Structures are given as C-alpha cells and as structure tokens.
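Please read the structure below before turning to the comments.
None of the figures in this text is laboratory data; all of them are computed from the coordinates on show. What you are looking at is a predicted structure, and each value in this text was computed from that prediction instead of being measured. Glycine also receives a Cβ, built like all others from the backbone with ideal geometry; neighbour counts cover every protein chain displayed.
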Amino acid sequence: MTMMALSRVRLLYIVAVLASGIAIGFVVLQQPHLQQAAVPPAAWPFAVSLVLDLIIGQMAAQGKVEPLTMGDRFVAVIGAGLIVTAMVALG
C-alpha cells in the first residue's frame, strides 16, 4: 500500500476543521448552556466542514484544486468532534 501525499488544499481543509473544533470547544467552555443545544457542539464541526467542502468542491469542479477524499472528511470531522468532546469533558 502506498501513502498518498496530501495536497495543500486538503491539508488546509483538515487543519481548518480541526481548528474549528478547538474554537468550538473554547466557546462551549465559556458558555456551558450551549451543551444543551438541539444540535450538540460535537456535531458543529460538520457545519464548518460542509461550508469548506462546498467551496473546495466548486474549485475542484473548475480544475483549480484537487477534490477532497472521504478520508479527508472523516479525519477532519471526527477529529474535530473528538476535540470538542474532550475539551468539554476535561474543562
């Protein structure tokens, strides 16, 4: 099995979604009532991912960047969700 190198856009996407997990974690720590929201904070990185995915998808359709893979999305969203969960549990 060969390792596939991440393009700059794919790496930036993953880093941005993981960073959103940290930011969401800090917001929820400052505003604990948000833990009772209809959509739990651990799922909020999915919304960030969706917006970025739409932007990158449009750019990929124009041939400007490499499209995201399901693995990219999985690592970013699950990772960010785990970051939020850990920050809230340990905070």
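Work through the residues other than ILE14 whose Cβ is under 14 Å from its Cβ and net out their charges, Lys, Arg +1 and Asp, Glu -1.
Working: positive: ARG8, ARG10, ARG73; negative: ASP53, GLU66, ASP72.
Taking every Cβ under 14 Å from that of ILE14, the sum is 0.
Run through all the Cα pairs of region 15-90 and give the fraction in each 10 Å bin from 0, expressed as whole percent.
Result returned by the calculation: 21, 46, 22, 10, 1.
DSSP loop trypsin sites (Lys or Arg not before Pro) in region 1-74 with at most 11 other Cβ atoms within 10 Å of their Cβ, which ones?
LYS64
Just to confirm a number: summing +1 for Lys and Arg and -1 for Asp and Glu over residues other than THR69 whose beta-carbon lies under 12 angstrom from that of THR69, what do you get?
On the way: positive: ARG10, ARG73; negative: ASP53, GLU66, ASP72.
Result for the local shell: -1.
Quick one: order PHE74, PHE26, PHE46 by neighbouring beta-carbon count within 10 Å, fewest to most.
Fewest to most other Cβ atoms nearby, the residues stand as PHE74, PHE26, PHE46.
Gap in Å between the Cα centre of region 2-45 and the Cα centre of region 46-91?
Taking the Cα centre of each part, region 46-91 and region 2-45 sit 8 Å apart.
Working from Cα positions, state the angle (0 to 90°, nearest 10) between the long axis of helix 70-90 and the longest principal axis of the chain.
Computed tilt is about 20 degrees.
Using the count of nearby Cβ atoms within 10 Å as a rough guide to exposure, how do VAL84, VAL77 rank from fewest to most?
With the sparsest Cβ surroundings first, the list reads VAL77, VAL84.
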